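> Sharing a structure here in structure tokens format.
None of the figures in this text is laboratory data; all of them are computed from the coordinates on show. Since the model is a prediction, treat every value here as computed from it, not as a measurement. Neighbour counts run over all protein chains shown; Cβ positions are idealised from the backbone, glycine included.
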Amino acid sequence: MRKLNYLSGILTLSVLLAACANAQVWDKGLREVQKDQMFQSLSSSSVVLIGENHGFRTHRDQHMEILNELRKRGLSIHVGFEFFYYPDQNLVDQFRLQQITEDDFLKQITWGSPSFDYYRDQALFPQLSLGEKTWALNAPRALTRQISRGGLGSLTPELSALVPPDFALGREAYKERFIEAIGGHSAGPEFIERYFAAQSMWDDTMAWNIQKIKQQHPQQILVVIVGEFHTQYGGGLQDRLQARGVQNVVSVSQVNTQGLTESQKAQAIMPHPEYGPRADWIWAAPAVE
């Protein structure tokens with residue numbers, strides 16, 4: 001019966017999407033809203049998680065629209081990145097203080113792809129003169145690479161020192177969604193365990209760093225730019241933030257509708273029959289690179 005209701009909901013929403021081509025923003029109850037309602041909600045939060053597809057100009061522009069709207073409301077804003085590893089915070093600080101060039105910064109943090117052009121404006125958004133800051137949140141690549149290769153038990157003392165205190169794997173529903181994303185159980189149990197441990201390390205390391213930032217800056221809003229999967233359906237990063245006591249977290253899911261049929265758009269926006277709402281706010285738009 002639950003699956004039947006879900007499919008019926010998709011058909012109903014497909015008709016609504018087709019009729020309202022300009023309807024872009026939805027709340028978690030699937031009510032079509034004006035963007036200003038979303039911005040107002042975000043302005044009263046402590047942490048804003050913006051899930052994105054990496055390397056899309058449309059998503060970059062939406063990041064900046066959110067940041068600028070929060071600025072208009074007189075908020076002090078920090079910006080945190082999945083793409084920067086927390087041991088590199090000193091390099092991020094040097095870059096923001098113009099003590100090193102952008103080229104040197106990207107070389108020293110071993111930036112790969114996509115182009116930094118998609119994230120430069122967000123990284124430079126915090127105003128240092130106002131006490132705002134750009135933050136590196138994620139686990140270093142060496143740590144997660146070793147976990148994916150050999151599991152948690154293979155870590156050297158040096159790598160173990162980078163693991164956040166009270167580290168925990170993601171919950172079972174998140175694991176099932178992760179298994180679906182990597183192609184199902186055919187990947188093999190050992191592969192799944194190693195790679196899910198690495199995925200969980202990303203989530204929990206970011207949550208740990210967000211927790212510390214909020215303890216240091218409780219009155220300022222922290223906007224976190226992170227891959228969609230980490231924030232969808234309340235799993236991953238949001239779970240670990242809740243476990244670490246970080247409150248008033250609001251999520252925005254940027255849904256790329258480029259090339260999707262109305263039915264596919266509706267399916268992307270609808271709450272999942274098992275995992276629930278995709279996010280607190282859904283911003284659906286065709287995204288271009």
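> Spelling out what I want: for every residue of the range 77-87, take phi, set θ = phi - 60°, compute 6.51 cos²θ - 1.76 cosθ + 1.60 (Karplus), and round to whole Hz; glycine and proline get x.
My calculation for the range 77-87 gives 10, 9, 10, x, 10, 5, 7, 9, 8, 4, x Hz in order.
> By a straight-distance test (C-alpha under 15 Å), which aspartates and glutamates pair with Lys35 as possible cross-link partners, with residues fewer than eight away in the same chain excluded?
Cα-Cα hits under 15 Å: Asp27, Asp61, Glu65, Glu69, Asp280.
> If I stretch the segment between Glu176 and Ala142 completely, what's the gain in nm (0.36 nm per residue apart, minus their alpha carbon distance), one decimal?
9.7 nm is the gain from fully extending Glu176 to Ala142.
> Moving on. Taking amide H atoms as placed 1.01 Å from N in the peptide plane, list the residues 5 or more away in sequence, or in a different chain, whose amide H sits under 5 Å from that of Ala287.
Thr257, Gln258
> When Glu132, Glu102 are ordered from fewest to most other Cβ atoms inside 10 Å of their Cβ, what list results?
Glu102, Glu132
> Sticking with the crude label model, points 7 Å out along Cα→Cβ, report the distance from Arg31 to Gln94 in nm, one decimal please.
So the label points at Arg31 and Gln94 sit 5.1 nm apart.
> Then there is this: I'd like the Karplus ³J(HN,Hα) series for the range 42-57: coefficients 6.51, -1.76, 1.60, θ = phi - 60°, whole numbers in Hz, and an x wherever there's a Gly or Pro.
Each residue of the range 42-57 in turn: 5, 5, 9, 8, 9, 10, 10, 9, 9, x, 9, 8, 5, x, 10, 4 Hz.
> Which whole-Hz couplings ³J(HN,Hα) result when phi for each residue of the range 226-242 is put into the Karplus expression 6.51 cos²θ - 1.76 cosθ + 1.60, θ = phi - 60°, listed in order with x for Gly and Pro?
Here the 3J(HN,Hα) series is 8, x, 3, 4, 5, 10, 5, 6, x, x, x, 4, 5, 4, 5, 5, 4 Hz.
> Which order do Asp36, Asp239, Asp93 fall in if you start with the one that has the fewest other Cβ atoms within 10 Å?
Asp36, Asp93, Asp239
> Stretched out fully, how many nm does the piece from Leu130 to Ala161 gain, at 0.36 nm a residue minus the Cα gap?
Residue separation times 0.36 nm, minus the Cα-Cα distance, leaves 7.9 nm.
> Next up: Which pairs break 32 Å Cα to Cα here: Lys212/Lys265; Lys107/Lys212; Lys28/Lys107; Lys107/Lys214; Lys214/Lys265?
Lys212/Lys265; Lys28/Lys107; Lys214/Lys265
> Please report how far the C-alpha centroid of the range 63-138 lies from that of the range 141-209, rounded to the nearest whole angstrom.
26 Å
> For the range 207-250, what does the alpha-carbon gyration tensor say about shape, rounded, prolate or oblate, given a ≥ b ≥ c as the root eigenvalues, a/c under 1.5 as rounded, and a/b over b/c as prolate?
Because a/c hits 1.5 or more and a/b exceeds b/c, the range 207-250 counts as prolate.
> Going by amide H atoms built from the backbone, whose H comes under 5 Å of the H on Val223, apart from near neighbours?
Sorted by chain and number, the residues that satisfy this are Val48, His78, Val79, Gly80.
> So what's the back-of-envelope 222 nm ellipticity for the chain, counting only DSSP H runs of four-plus at -39500 (n - 2.57) apiece and dividing by all residues, rounded to 500?
So the calculated ellipticity at 222 nm is -13500 deg cm²/dmol.
> I want to verify a result. In a Gaussian network model of the chain, Cα cutoff 10 Å, which of these has the top mean-square fluctuation: Lys214, Lys265, Lys107?
Between Lys214, Lys265, Lys107, it is Lys107 that shows the largest mean-square fluctuation.
> I need Ser46, Ser76 ordered by Cβ neighbour count within 10 Å, fewest first.
Ser76, Ser46
> Assuming a ≥ b ≥ c are the square roots of the Cα gyration tensor eigenvalues, decide whether the range 47-127 counts as rounded (a/c under 1.5), prolate (otherwise, with a/b larger than b/c) or oblate.
oblate
> Now, a different point. First check a/c for the chain, with a ≥ b ≥ c the square roots of the eigenvalues of its C-alpha gyration tensor; if it is under 1.5, answer rounded, and if not, answer prolate when a/b is larger than b/c or oblate otherwise.
It comes out oblate by the Cα gyration axes.
> Could you run the Debye sum over the Cα atoms of the range 217-289, one equal point scatterer each and no solvent, and tell me log10 of I(q)/I(0) at q = 0.13 Å⁻¹, two decimals?
One equal scatterer on each Cα of the range 217-289 leads to -0.44.
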